[in-house]
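Okay, so here's the structure we're looking at.
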Amino acid sequence: MLASRGLCAARRKWAAGALLTAPLIACPAPSLAADVEVSSTTAAQGYSLRSPYGDPVLSRRRFMQTLGLVVRGIEGEDRKPGGPEITVRIRMRLDADFGLGWGEYHDWTPPNRFVPGLQQAPFDLMYGYVDMRRLAGGVLDVRLGRQYVIDPLGWWSFDGAMIRSQLPFKVALESYTGFEQRGGLALSTPRFERDGVWRGDRTGLEPSYYPEFLPSGYAPAWGGAVETWGTKHFNLRASYRKVWSSAPATTRMTALAAGEVPQAWTGMRTSTERLGASGNLYFDDLGDLRAGAVYDVYSSLFSSYYATLDLFPARWLTVGSDADRFVPTFDADSIFNWFSHYPMTTWTGRAELAMSRAVDASVSGGVRWVETSTDPEGDDSGGRSHLTDVIGRAGVRHRAGTGAAGASAMLERGERGHRQGIDLFANRLLQERWHVLARTSLYDWKDELRPDRSATSFGYVLGGGYRPGPLTQVMLEWEHNTNRLVGQRFRVMVWLQMMVTR
Amino acid sequence: MMRPSTRMLWLVCAIALIVAVASGALAGPSASAWMPPGAAQSPQPSPVIFPSRPIPIRFDHARHTRMKQACSHCHPAALTSTRTSDRLLPRPTVCDACHGAKHPESGPVIAGATALGACATCHEGWQAEQPQAVRRMQAIDAKLRSNHAVHARRKIGCGQCHGAVQQVGQATTQNMPRMRGCQGCHDLPAESRGDARSECTTCHLQGEGGRMQTHLPGGVLRPPRWLGQAEHGADFARRHAKVAGDNSRLCASCHGEDDCARCHDGRMRDRAVHPNDWLSMHAVSARQNSPRCDACHRAQSFCRTCHLRAGVTASGSSLARAQQGRFHPPADVFTRAPKTARHHAWEAQRNLSACVSCHSERDCAGCHASRGGGGLGVNPHGPGFLSRCGLALRRNPRPCLVCHDLSDPVLGSCR
């Protein structure tokens with residue numbers, strides 16, 4: 001009964017998806033002189049994943065396919081340079097794992113392996129929007145549909161409308177409103193929600209079963225940005241975003257009596273509210289200063305701030321320094337915001353050398369420190385203590401034509417363990433048809449909390465591909481890693497990329 | 001035996017010498033006065049845009065200019081050309097007028113009577129044994145959209161894009177425009193630049209999705225350092241987030257959503273970021289939070305789902321956890337009082353995100369909820385909590401009610 005309810009829900013989601021995407025796909029009428037691109041990426045891979053306890057062994061048989069459509073020039077035949085421009089962009093994705101056992105996503109009769117929210121073949125709309133640029137005399141951009149936002153607050157996705165206007169005095173205003181993309185809703189993934197709560201589609205689940213798995217619901221959101229545009233020596237951007245949660249959320253979830261229905265908090269409430277700003281000050285032959293900060297309004301703290309200084313002592317040399325301080329913050333539904341935790345601070349110095357057009361190298365080093373109160377449950381009167389990791393990286397790369405080769409090395413050492421290793425890689429397109437790649441690496445790591453999980457590992461990847469045309473490529477990769485934890489681990493991967501244009 | 005001060009002096013001198021030699025070696029050719037505008041930043045034009053071609057003709061621009069020959073005398077088509085593919089090189093018949101040779105449309109070429117008209121005067125590698133065989137002249141196949149006619153109508157002189165060609169002998173790709181020079185006009189404020197639009201695709205070829213075409217037969221186009229400090233050097237993958245966060249529209253000139261999603265949607269592993277046997281190594285990396293896991297993964301969805309399947313969680317299905325041993329250090333060290341240096345409270349304070357990748361709220365509430373709220377009353381709140389909890393309670397009471405009963409008097413201190 002429960003299983004059939006789950007199936008019905010899945011069917012409803014597919015139907016809703018089809019209804020949502022059909023009009024978008026149907027949009028480009030053949031009579032318009034529009035440029036159309038249809039592209040597809042298919043990736044299939046197989047490997048095994050063994051639990052640290054030896055059992056279970058998860059068999060991954062992954063198949064991911066995306067299908068994209070771009071229609072440009074919908075504005076019509078009389079398009080002019082600098083005039084209005086209308087584009088439709090859509091990409092859908094199927095991300096299946098055929099290695100999943102039926103019981104993992106369907107059967108919750110105890111004893112079981114059931115994982116709430118797990119789907120064998122989730123299908124989502126990555127983005128799908130109509131982009132209208134340079135309307136109203138070239139000062140207004142409008143975007144409608146599911147879209148990404150990239151700003152000082154991070155990478156985010158919502159369904160709705162965004163308006164951007166370039167005002168005089170080199171200032172642009174951006175405003176958007178809609179619904180955050182949330183896992184458990186039709187054609188959606190949880191990637192863009194703030195962390196700290198486990199959410200998804202609870203259809204068919206008893207209320208007392210995994211009460212910490214919260215039902216998903218629509219999340220209204222709005223936000224905006226002010227930024228400079230067309231300025232020569234600086235760029236400033238300030239962003240604000242607020243998201244609300246609307247679905248009921250279980251509150252008390254421990255010490256429940258048998259059959260007791262957990263209480264839930266209902267009603268609209270803050271999910272995230274953050275304010276971010278970043279700026280860049282640049283001088284041609286001198287250097288570049290970049291800084292930014294994010295203030296979490298709900299948690300009333302700066303969740304991150306950074307500064308980067310780059311100097312250009314020579315045309316081939318950039319030396320710089322980066323400082324970054326970060327405190328994890330979570331969805332406002334999450335209890336984790338209110339657990340005692342401290343910032344992680346990283347400071348590095350680096351040099352980048354452009355030895356020629358073909359060869360470049362970089363080297364960086366620094367420290368990262370994490371903080372604790374001397375008494376985790378105390379009043380912090382004893383001051384904070386620090387643990388410091390030493391970090392270092394170096395890389396060199398040769399790029400010529402359609403090929404590249406290089407090496408990269410890294411090191412991170414501290415009281416809680418270390419990672420260090422080196423990678424050598426090369427890839428090349430031969431005769432504009434044949435693609436070859438090779439990568440080999442040697443890494444060593446030690447986990448001081450779990451010394452039994454420390455290892456030295458050697459791995460290599462060999463790949464080859466063929467390009468029947470400039471827009472189509474098929475690729476096969478073989479990966480082999482060996483270390484004392486897994487013995488031998490193999491991964492086979494096949495890629496197929498295709499594009500058709502009209 | 002050298003004294004320490006002498007040794008230090010030698011060391012400083014040696015370092016200075018190495019830096020000086022390296023500077024000379026790495027600096028490459030420097031900009032000359034005859035080069036086009038922008039050569040100070042880019043002494044070499046992009047070989048991807050202007051693929052190098054052998055030039056089998058000896059032609060001395062400086063000498064011809066001294067003889068009062070204008071550019072348009074040999075390159076008349078440059079005034080009317082609207083496409084990059086137009087042939088702007090002079091036909092040989094143009095040379096015949098002065099050199100005395102004859103280059104008919106068909107039939108053999110007849111050399112001039114004087115040395116000036118000899119084939120070898122202009123044609124490099126000409127051999128008397130094969131007098132009619134000369135190496136073919138190939139025009140530079142520039143991967144640009146360039147409309148000479150528009151520039152000519154705007155009274156933009158040849159030198160404004162090609163530099164002082166009248167000062168050089170043979171013109172090479174060094175005389176081709178530099179992007180920084182183009183921006184001298186194309187990056188002016190709208191009211192000053194007229195029709196010289198500043199979109200990338202005004203000059204660059206258009207590729208997928210209407211964006212700039214970056215993958216060309218000669219290689220891949222990448223932004224120079226002076227363009228928003230977005231030079232894609234060996235370290236750029238680690239620092240690109242700050243460039244993108246500040247000016248994502250700059251990135252969107254070349255990159256589409258798919259480029260971001262390829263890594264940041266956390267579906268396909270990038271071996272440059274997650275090398276070797278990452279599945280075994282990732283626990284140490286997650287504790288170091290390097291690279292930042294949340295840049296691509298949502299811990300309570302991506303990480304926890306896999307950990308639940310593998311039985312690496314405190315709660316979860318019975319079969320997945322059937323073989324479960326202890327993941328963390330022994331309870332006496334990690335969980336129970338008194339706290340040791342390896343106690344979980346310290347680890348949580350250092351990097352709470354790592355805890356969230358395995359543990360759900362219920363795992364923590366079992367101990368940290370108040371006694372009336374179903375837990376053991378172990379207070380997890382840090383210093384300064386009381387100053388922030390009131391506002392948070394009003395905006396979203398749900399997290400408070402996970403651990404506290406609505407009637408809990410403790411909540412009163414936040415109201």
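The values are calculated or read from the model by the stated rules, or taken from the named source; none is laboratory data. Treat the numbers as computed from the prediction; the structure is a model and nothing was measured. Heads up, the Cβs are rebuilt from the backbone with ideal geometry, glycines too, and the neighbour counts pull from every protein chain shown. Surface areas here come from the heavy atoms of the whole protein model, side chains and all, with no ligands, DNA or RNA. Shrake-Rupley method; radii C 1.70, N 1.55, O 1.52, S 1.80 Å.
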- Can you confirm whether segment B:181-189 contains a residue that is at pLDDT 90 or above and more than 9 Å from every other protein chain (Cβ to nearest Cβ)? yes
- Just one of (1) surrounded by 15 or more Cβ atoms within 10 Å (Cβ to Cβ); (2) within 20 Å of B:I55 (Cα to Cα); (3) within 35 Å of the chain's Cα centre (by Cα); (4) of a type outside the set (V, I, T) trips up B:G184, so point out which. (2)
- Restricting segment B:368-386 to residues that are among the aliphatic types (A, V, I, L, M) and free of Cβ contacts under 8 Å to residues at least 12 places away in the same chain, the residue that is nearest to the other protein chains (Cβ to nearest Cβ): B:V378
- Message: Among the residues that make up segment A:257-279, is at least one of them farther than 26 Å from A:P207 by Cβ, open to solvent by 20 Å² or more (accessible area, probe 1.4 Å) and at the interface with chain B (Cβ under 7 Å from one of its Cβ atoms)?
- Response: no
- Kindly indicate whether A:V115 is closer than 27 Å to B:A314 by Cα and in contact with a helix residue (DSSP H, G or I) (Cβ under 9 Å, 6 or more places away or on another chain). yes
- Query: Do we have B:Q229 as free of Cβ contacts under 8 Å to residues at least 40 places away in the same chain and within 12 Å of chain A (Cβ to nearest Cβ) here?
  - Reply: yes
- Task: Determine, yes or no, whether A:E227 is acidic (D, E) and part of a strand (DSSP E or B).
- Result: yes
- Message: I'd like the residue in segment A:71-89 that is at the interface with chain B (Cβ under 8 Å from one of its Cβ atoms) and exposed (fewer than 15 other Cβ atoms within 10 Å of the Cβ) and, out of all such residues, is nearest to A:G145 (Cα to Cα).
- Response: A:G82
- If we ask which residues in segment B:282-325 are among the aromatic types (F, W, Y) and either free of Cβ contacts under 8 Å to residues at least 12 places away in the same chain or at the interface with chain A (Cβ under 7 Å from one of its Cβ atoms) (or both), their number turns out to be 0
- Subset of segment B:326-362 [in contact (Cβ under 8 Å) with a residue 12 or more places away in the chain, open to solvent by 40 Å² or more (accessible area, probe 1.4 Å) and facing chain A (nearest Cβ under 8 Å)]: B:F327, B:H328, B:R342, B:R362
- Message: Looking at segment A:200-212, can you tell me whether even one residue there is modelled with pLDDT of 95 or more, of a type in the set (A, V, I, L, M, F, W, C) and farther than 30 Å from A:Q166 by Cβ?
- Response: no
- Item | The listed residue being over 30 Å from B:F385 (Cα atoms), facing chain B (nearest Cβ under 10 Å), open to solvent by 30 Å² or more (accessible area, probe 1.4 Å) and in a strand (DSSP E or B), out of A:R397, A:R350 | A:R397
- Note on the structure: For B:A365, the lone unmet condition from (1) buried (at least 22 other Cβ atoms within 10 Å of the Cβ); (2) more than 7 Å from chain A (Cβ to nearest Cβ) is (2)
- Query: How many of the residues making up segment A:92-113 are open to solvent by 20 Å² or more (accessible area, probe 1.4 Å) and assigned to a strand (DSSP E or B)?
  - Reply: 3
- Message: Being surrounded by fewer than 17 Cβ atoms within 10 Å (Cβ to Cβ) and not charged (D, E, K, R) is the filter here; which residues of segment A:487-502 pass it?
- Response: A:G487, A:Q488, A:F490, A:V492, A:V494, A:L496, A:M498, A:V500, A:T501
- Answer yes or no: is there a residue in segment A:189-199 that is among the β-branched types (V, I, T), part of a loop (DSSP other than H, G, I, E, B) and within 8 Å of another protein chain (Cβ to nearest Cβ). yes
